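What follows is a short report on a single structure.
Read-outs: derived from the displayed coordinates by stated rules, not from any lab. Keep in mind the model is a prediction, meaning the values are calculated, not measured.
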Amino acid sequence: MHLVEGYFNSHAINNLLAGCPLIEEIGIWNCEGIESLELFGLERLNDVMIANNKELKLVDMKKLNVSSLSIVRLSSIVRPFPFVRPLAIPFEINVTFCTNLKNLRFVEAFITDVWLCGLVYKLPLLECLELRFCKKLKSIKISSPSLKTFSIFGCTYVVELKIDTLNLTHFTYDGGMIVLCSNALALSQVDVSLFRSNFDTYWNAKCVELLAQFHKYSEKLSLRVSKNEEFIVSKELRHILPSPLSRCKHLNLCIRTTSLPFSIAKVVDELLWIAPHIKALSIEYSPSDAFKKIYFEKPLVYEEVISSCGKSLPISCWRYCIEEVKLEFNGYKGNSRKVYSLEGREFLEKIDGLCSRRNV
């Protein structure tokens, strides 16, 4: 059952739902007149989607077998559909004895740290948790042995994240600098996008510290920045701090905008300090009106050995571990693909020359 842009009073909608015991899916978008939504006794209900219902003050779910719940409160900034109007009224959410929930999504919901922690703890089958623009969250603590995918986007006031999730495999974070504590031993893929308001040494040090949290857990990391300057680590810090991702094997950097002069060689140098034993590196960026992707493949001289050179000689020692570098240039939508092979320790000096000739 899907209701979009209709007018229903609470009594009518709750009676309607109660009279449909075989219903499997409920979607209520942008409806007016509904102050409370009570869902119970619907044994076959599997999927619930509630978004932008103007007068809604309470969502109450009890003893349901539902596996997926999405509650969205969209502002004027986030409008994926033209019929969705901005909403500014918070409402209460009660989820009681819905132990079969596997997928949980909150967008601009007025949920607190304590409430979220308690809810997740009571969901033994939860596999996917997504939080977007939830501005009341500040210090998130998640404990879930079943959680596999955890995503946080634009939760502006979050400064601390503690996750006790032994089976977490995918973690995505998009926001400001945070203090992270994790034991996600099964983590295989990390996607981090950090917002920064300054370029001082303290922020750089905290960034390195945050990336180091993934050192033990993930061999694949995606890092997204707004500008190419945002991941630059000063030479002073390089000599003081160890490389944060010495076990990382696959690193992807996405630069949303580039500022001139823009040196691919400098970007590669920065990334190879961050992850000195990497085997594959890709850089995605958008010069002028084109989208470019450069892929580096770096076979190592040694096998299954983690050298300490990233710590003792953090700037240049990784060059001695390289036999060959393969560069792959991809234009917009994969057009104009070209592969180059570079040998020798001076390959960085050759990269910018290649990029210049290809106008990237």
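What are the residues whose amide H is under 5 Å from the amide H of Ile142, where those residues sit 5 or more places off or on another chain and H is modelled from the backbone?
HN-HN under 5 Å from Ile142: Lys162, Ile163, Asp164.
Which pairs in the list Lys102/Lys249; Lys206/Lys235; Lys63/Lys148 are over 26 Å apart, alpha-carbon to alpha-carbon?
Table pairs above 26 Å Cα-Cα are Lys102/Lys249.
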